[in-house]
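Asker: Questions regarding the structure given below will be posed in turn.
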Amino acid sequence: MDKRVVFVVVLMCNVVLATAQKSAKIVFYNCENFFDAEDDSLSLGDNDFLPDGNYHWSFSRFYAKNNAIGRVLVAIGGWEPPLLVGLAEIENANVLDNLTKRSPASGYKLKYLHRNSPDKRCIDVGLLYNPKRFAVLDSQWLSVSIPTEGFFTRDILYAKGIVDGVDTLHVFVNHWPSRYSGSASSEPLRMHAASVLKGVADSIWNTDNGANILAMGDFNDYPADKSISTVLGVVNDSCGRNPIALVNLVSFAKGSIHGSHKNAGEWGYLDQMFVSSSFFGSAPKLKFVSFGSFFADWLLVPDEAYAGRKNFRTFLGMKYQGGYSDHLPVVGEFLINK
């Protein structure tokens, strides 16, 4: 056979393989108090983040924060927009509107899902998505609040969509109750949030035990804590797993910084990503590739108390630092097999 013909055949095969697979990044980022500077007359939760509030928040600080978060998303995505971005500690839809239309990430043309939750701090979760690759079929907000106990917190956002016209993906964006009052005393609240998430995941699996499920968020617990390991039943190994269990991608984390949040000198993953076993195997349509926290020099500052580096925060206590967040974003990379 003519060498030129062989070369053309090989080239055509490579093109077919290239078009049969497409990569995708899914991001979760706790933005640390991403408020606008407008007063929400229906809530007292944003009062600290007004020009005359305790944090002396202003429109200039909001725009700086908006640009900072947008810069992070562009640094993660590069030329290709992330498929999905889960966000925590955002105040309202106005914040997301500015982020998607008036920030360095505006060129991505991302859409968003959001609804105000009953959280007393006036912070919610939201989901940005690339409409060219993720066709939303349904979205719901799952209540984690316990009104009978006077406890109100942010909802879990659930979205169902088709990825690249290939397969259905069920996505959950979480921001579980904080450890502010102490990890032990607040643990039952996070266990309650875990039970809400598990209930809906189980109902999806009852209909389709091969369903693609991805749960991401700031869980305010670490992988070994009861809410995640026991109540939600997340496993840390993709081999020999329960066919309908969620696998913690932290088990496969790469990078010199092993964590998303630093506390008392120790890095740890409060921000995590779980996927169903359908992401593993010989030829899944949605295939897991890698996971880790995203960091760059400009996202970190020297840790003078404990050595090394730490998150470059927006605030340190009540003092404005002008940084990004007290959390690093976490990024999962996947392949879409057509």
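Asker: Within region 89-112, can one find any residue that is modelled with pLDDT of 95 or more, at positive phi and surrounded by fewer than 21 Cβ atoms within 10 Å (Cβ to Cβ)?
Answerer: Residues of region 89-112 that are modelled with pLDDT of 95 or more, as a first pass: 89-112.
Going one step further and asking which of them are at positive phi, we end up with 89, 109.
Still in the list and also surrounded by fewer than 21 Cβ atoms within 10 Å (Cβ to Cβ): 109.
Looking through region 89-112, at least one residue is modelled with pLDDT of 95 or more, at positive phi and surrounded by fewer than 21 Cβ atoms within 10 Å (Cβ to Cβ).
Asker: Pick out the one residue from SER256, SER260 that is on the phi < 0 side of the Ramachandran plot, of a type in the set (S, T, N, Q) and free of Cβ contacts under 8 Å to residues at least 40 places away in the same chain. Give the steps one after another, and end with the answer.
Answerer: Numbers: SER260 fails: free of Cβ contacts under 8 Å to residues at least 40 places away in the same chain.
Result: SER256 is the single residue among SER256, SER260 that is on the phi < 0 side of the Ramachandran plot, of a type in the set (S, T, N, Q) and free of Cβ contacts under 8 Å to residues at least 40 places away in the same chain.
Asker: On to the next question. Please go through region 77-97 and give me each residue that is within 14 Å of the chain's Cα centre (by Cα) and within 21 Å of HIS170 (Cα to Cα), ordered by number.
Answerer: PRO82, LEU83, LEU84, VAL85, GLY86, LEU87, ALA88
Asker: What single numbered condition from (1) aromatic (Phe, Trp, Tyr); (2) surrounded by 14 or more Cβ atoms within 10 Å (Cβ to Cβ); (3) not in a strand (DSSP E or B) fails to hold for TYR180?
Answerer: Every condition holds for TYR180 apart from (2).
Asker: Here's another thing I want to ask about it. Does region 58-69 hold any residues that are outside any loop (DSSP other than H, G, I, E, B) and either free of Cβ contacts under 8 Å to residues at least 40 places away in the same chain or in contact with a Pro (Cβ under 8 Å, 6 or more places away or on another chain) (or both), and which are they?
Answerer: PHE59, SER60, PHE62, TYR63, ASN66, ASN67
Asker: Which residues, taken from region 9-31, are farther than 21 Å from HIS261 by Cα and either modelled with pLDDT of 75 or more or within 33 Å of the chain's Cα centre (by Cα) (or both)?
Answerer: Initially, region 9-31 is screened for residues farther than 21 Å from HIS261 by Cα, giving 9-24.
Those that are farther than 21 Å from HIS261 by Cα and either modelled with pLDDT of 75 or more or within 33 Å of the chain's Cα centre (by Cα) (or both): VAL15, VAL16, LEU17, ALA18, THR19, ALA20, GLN21, LYS22, SER23, ALA24.
Asker: For SER277, indicate whether it is without any contact (Cβ under 8 Å) to a residue 40 or more places away in the chain and surrounded by 14 or more Cβ atoms within 10 Å (Cβ to Cβ).
Answerer: yes
Asker: List, please: which pairs have Cβ atoms under 8 Å, are six or more places apart or on different chains, and start with a residue in region 167-193 that is farther than 30 Å from ILE336 by Cβ and modelled with pLDDT under 95 and end with one that is of a type outside the set (Lys, Arg) and surrounded by fewer than 17 Cβ atoms within 10 Å (Cβ to Cβ)?
Answerer: Between residues of region 167-193 that are farther than 30 Å from ILE336 by Cβ and modelled with pLDDT under 95 and residues that are of a type outside the set (Lys, Arg) and surrounded by fewer than 17 Cβ atoms within 10 Å (Cβ to Cβ), the close pairs are SER186/SER178; SER186/TYR180.
Asker: State all residues of region 271-300 that are of a type in the set (A, V, I, L, M, F, W, C) and more than 23 Å from the chain's Cα centre (by Cα); if no residue qualifies, say none.
Answerer: If the condition is that a residue be of a type in the set (A, V, I, L, M, F, W, C) and more than 23 Å from the chain's Cα centre (by Cα), then ALA283 is the only one that fits.
Asker: Here is a further query. Which pairs do you get when a residue that is surrounded by 13 or more Cβ atoms within 10 Å (Cβ to Cβ) and at pLDDT 95 or above, found in region 288-310, comes within reach of a residue that is among the hydroxyl-bearing types (Ser, Thr, Tyr) and assigned to a strand (DSSP E or B), reach meaning Cβ atoms under 9 angstrom, with the pair 6+ apart or on two chains?
Answerer: The qualifying pairs are VAL289/SER23; PHE294/TYR29.
Asker: Related question: Scan the strands (runs of 3 or more DSSP E) fully inside region 115-173 and keep the ones with 3 or more residues being buried (at least 17 other Cβ atoms within 10 Å of the Cβ) and not hydroxyl-bearing (Ser, Thr, Tyr).
Answerer: Working: elements: 124-129, 134-142, 156-163.
Counting at least 3 such residues, we get 124-129, 156-163.
Asker: Looking only at region 234-264, count every residue that is more than 19 Å from the chain's Cα centre (by Cα) and at pLDDT 95 or above and tell me the total.
Answerer: 0
Asker: Is it true that some residue in region 195-202 is at pLDDT 95 or above, more than 23 Å from GLU149 (Cα to Cα) and out of contact with any helix residue (DSSP H, G or I) (no Cβ under 9 Å at 6 or more places or on another chain)? Working first, answer last.
Answerer: As a first pass, look at region 195-202 and keep what is at pLDDT 95 or above: 195-202.
Still in the running and more than 23 Å from GLU149 (Cα to Cα): 201-202.
Add one more test, that the residue is out of contact with any helix residue (DSSP H, G or I) (no Cβ under 9 Å at 6 or more places or on another chain), and what stays is 201-202.
For region 195-202, residues at pLDDT 95 or above, more than 23 Å from GLU149 (Cα to Cα) and out of contact with any helix residue (DSSP H, G or I) (no Cβ under 9 Å at 6 or more places or on another chain): present.
Asker: For region 30-57, which positions are among the polar types (S, T, N, Q) and part of a helix (DSSP H, G or I)?
Answerer: Passing the criteria: only ASN47.
Asker: Exactly one of (1) in contact with a Gly (Cβ under 7 Å, 6 or more places away or on another chain); (2) at pLDDT below 95; (3) hydroxyl-bearing (Ser, Thr, Tyr); (4) surrounded by fewer than 15 Cβ atoms within 10 Å (Cβ to Cβ) is unmet by SER282. Its number?
Answerer: Of the numbered conditions (1) in contact with a Gly (Cβ under 7 Å, 6 or more places away or on another chain); (2) at pLDDT below 95; (3) hydroxyl-bearing (Ser, Thr, Tyr); (4) surrounded by fewer than 15 Cβ atoms within 10 Å (Cβ to Cβ), the odd one out for SER282 is (1).
Asker: Here's something else I'd like to know. Of all residues being polar (S, T, N, Q) and assigned to a helix (DSSP H, G or I) in region 82-114, which is nearest to PHE28 (Cα to Cα)? Just the residue, please. Quick ask: steps written out before the conclusion?
Answerer: Restricting attention to region 82-114, the residues satisfying the condition of being polar (S, T, N, Q) are 92, 94, 98, 100, 103, 106.
This time we only want the ones that are assigned to a helix (DSSP H, G or I), so: 94, 98, 100, 106.
Numbers: ASN94: 19, ASN98: 18, THR100: 16, SER106: 18 Å.
Filtering first and then ranking leaves THR100.
The values are calculated or read from the model by the stated rules, or taken from the named source; none is laboratory data. The structure presented is a predicted model; accordingly, all values stated were derived computationally and were not measured. Neighbour counts run over all protein chains shown; Cβ positions are idealised from the backbone, glycine included.
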